[in-house]
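Data block below; observations after.
What follows draws every value from the coordinates through simple rules; no lab data is involved. Just so you know, these numbers come straight off a predicted model, no measurement behind them. Positions of Cβ are backbone-derived with ideal geometry, glycine not excepted, and every protein chain shown enters the neighbour counts.
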Amino acid sequence: MTRVRTLQQTRAPDPDYSHEGERAELAARLLDTVPELIAMDATDGVVEACYRVGFNAFDCETLRLLARRTGEFPLSVERLAATATTRPTYTVRLGPASDALRSSRAENPDFWEDEALVEEAKRRAPGEWSRVEARLERERRRVERALSR
């Protein structure tokens, strides 16, 4: 099932990226210990936990935690226009690992450029990953043949 979330960026556009790993671990621990986060919808809980430790709604660490905790992966991330008085707003389509693996690099760079997300998707959808590998291999051979002519 594909879900669409639209959220406003809640942190400075140029945030401090220090201690990301520690903050990501803290967000995961919050999901297991804070009753109000436990009671929330799983996706909302992850976004809120990440916000509490200083991540924007769909920073890389938030997307990784969503994948690990809910099995939802980014299918597309669209930045909507911000004005001088409003913060940037993002619309994110989330879906299962198989859908993310079927997406193209051009339409879904937020997924394909994040090795941790790709590895988690491979783990969750090994059958789909096998088909992706076969498609990539066919494409590689096609390019090699074209270049050798």
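Fewest Cβ neighbours within 10 Å first, please rank T85, T43 accordingly.
Ascending number of Cβ neighbours within 10 Å: T85, T43.
Once both axes come from the Cα atoms, what is the angle between helix 115-124 and the longest principal axis of the chain, in degrees from 0 to 90, rounded to 10?
Once rounded, the angle reads 80 degrees.
From the list [x] 16.0; [y] 11.1; [z] 8.5, can you say which value of mean projected area of the Cα convex hull in nm² was derived from the structure given?
Of the listed options [x] 16.0; [y] 11.1; [z] 8.5, [y] comes from this structure.
For every helix of n ≥ 4 consecutive DSSP H residues, a contribution of -39,500 (n - 2.57) applies; sum these over the chain, divide by its total residues, and give [θ] at 222 nm rounded to the nearest 500 deg cm²/dmol.
Calculated from helices alone, the mean residue ellipticity at 222 nm is -17000 deg cm²/dmol.
How much net charge surrounds L147 when only the other residues with a Cβ under 13 Å from the Cβ of L147 are counted, with Lys and Arg +1 and Asp and Glu -1?
Combined, the nearby Lys, Arg, Asp and Glu give +3.
May I ask for the angle, rounded to the nearest 10°, between helix 42-52 and the longest principal axis of the chain, with both axes built from Cα atoms and the value confined to 0 to 90°?
60 degrees
Taking the mean number of other Cβ atoms within 10 Å as a proxy for protection, how do you rank 32-42, 93-103 from highest to lowest? Don't jump to the answer; show the numbers that get you there.
Values: 32-42: 11.9, 93-103: 20.5.
So the peptides 32-42, 93-103, ranked by packing, come out 93-103, 32-42.
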